[in-house]
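Participant: Okay, handing you the structure first.
Please treat every number below as a calculation from the coordinates, not as lab data. On a predicted model such as this, the values are computed, not experimentally measured, just so you know. With ideal geometry, Cβ positions are generated from the backbone for all residues, glycine too; neighbour counts draw on all protein chains shown.
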Amino acid sequence: MDVVEAGVLVVGATGAIGGQTAGQLAESGAATALAGRNRDRLKERASALGGSPWRTFEAHDLDSCAQLAPWAKATLGGLDVLVVAIGVAGFGSAVEVPDTSAEHLFTVNALAPMAVVRGSLGVLSPGGVVAVVTGEIVDRPARGMADYAAAKAALATWLGVAGREARRDRLEVMDVRMPHLDTAFAAHPAVGTAPALRPGSDPVEAVHEHIVLPILHALGR
């Protein structure tokens, strides 16, 4: 499959990773649909990409998450690639994080992405690709980030099993262990305050290496 023929949905398109992914895939010729939470930013990003179709959703409304892929397929006339780049940071020791905050972290970082992917598996074209951003936190969980790390690890485990199951339908599910990036992600946590963090990688280069190139390779297989 040529990327020019591909229909792509980027969920989390108003964020740094999702925005870069949408832009780079659109530049490669893909027909790209966008989904995000912030209506104004989503409209601006869609306009910048030449009028891409867009739709808002709320991570805590799992039904709305599950409907994103069917909407994109109907809008684009087919869906070949799903990219999920949603999440929220959280900081604090295991004893300090309130249960309500832990629930929020698990919903946004695990349950919502799972619902989006689950809703896509029956509508993606054979040979399609799912790429979901988890992060290096899965492999190197840090102190003061137990709940955030656990949510991402839960998502990674689910993706691993879902990916094996999806092979029978000729779908590839990618768990994208993105490195720490130089973005404002950690500056807006759901709980706690970010510690001093090491300098991050360039998001443009990281998105190209870890998301866009693997997708292009998979579509060409």
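Participant: Name the residue from Ala69, Phe91, Ser101 whose Cα lies farthest towards the positive end of the charge dipole of the stretch 36-105, charges +1 on Cβ of Lys and Arg and -1 on Cβ of Asp and Glu.
Facilitator: So the residue we want is Ala69.
Participant: Around Ala162, what is the net charge, scoring Lys/Arg as +1 and Asp/Glu as -1 over all other residues with Cβ under 13 Å from its Cβ?
Facilitator: Numbers: positive: Arg118, Arg164, Arg167, Arg168; negative: Glu165, Asp169, Glu172, Asp175.
The answer is 0.
Participant: Also, quick follow-up: Could you give the dipole magnitude of the chain about its Cα centre, charging the beta-carbon of Lys and Arg +1 and that of Asp and Glu -1, in debye to the nearest 20? Provide the component values of the computation, followed by the final result.
Facilitator: Details: 18 positive and 23 negative charges, 49 e Å.
Here the chain has a charge dipole of around 240 debye.
Participant: Highest first, please rank the peptides 177-189, 7-19 by the mean number of other Cβ atoms sitting within 10 Å of their residues. Please list the in-between numbers first.
Facilitator: On the way: 177-189: 15.2, 7-19: 26.1.
Descending mean neighbour count gives 7-19, 177-189.
Participant: For the chain, what does the relative contact order come out to in percent, with C-alpha contacts under 8 Å and a separation of six or more? Show your work: numbers first, answer last.
Facilitator: Values: 439 pairs, mean separation 49.2, N = 221.
Relative contact order comes out at 22 percent.
Participant: Ratio of the chain's C-alpha Rg to 2.2 N^0.38 Å, to two decimals? Please report the intermediate quantities before stating the final value.
Facilitator: Values: Rg = 16.4 Å, N = 221, 2.2 N^0.38 = 17.1 Å.
Against the empirical 2.2 N^0.38 Å value, I get 0.96 for the chain.
Participant: Counting Lys +1, Arg +1, Asp -1, Glu -1, what net charge surrounds Val138 among other residues with beta carbon under 12 Å of its beta carbon?
Facilitator: Working: positive: Arg140, Lys152, Arg177; negative: Glu136, Asp139, Asp175.
So the environment of Val138 carries a net charge of 0.
Participant: So for the pair Val161, Glu5, with labels modelled 7 Å out along Cα→Cβ, what separation do we get in nm?
Facilitator: Each label point is offset 7 Å from its Cα along the Cβ direction, giving 3.5 nm.
Participant: Could you give the nm distance between label points at Ala187 and Glu205, where each point is 7 Å from its Cα heading toward the beta carbon?
Facilitator: A separation of 2.1 nm, rounded to one decimal place.
Participant: Have a look at Pro189, Pro203, Gly78 and report the one farthest towards the positive end of the charge dipole of the chain, computed about the Cα centre with Cβ charges (Lys/Arg +1, Asp/Glu -1).
Facilitator: Gly78
Participant: Lys and Arg at +1, Asp and Glu at -1: add these up for the other residues within a Cβ distance under 15 Å of Ile86 and post the number. Intermediate results must be reported in sequence, preceding the final value.
Facilitator: Numbers: positive: Arg37, Arg41, Arg45, Arg55, Arg118, Lys152; negative: Glu58, Asp61, Asp175.
That sum, taken over residues with Cβ under 15 Å, equals +3.
Participant: Here is a further query. Taking H as built 1.01 Å from N, whose amide H comes closer than 5 Å to the amide H of Ala33, not counting residues under 5 places away?
Facilitator: Val8, Leu9, Val10
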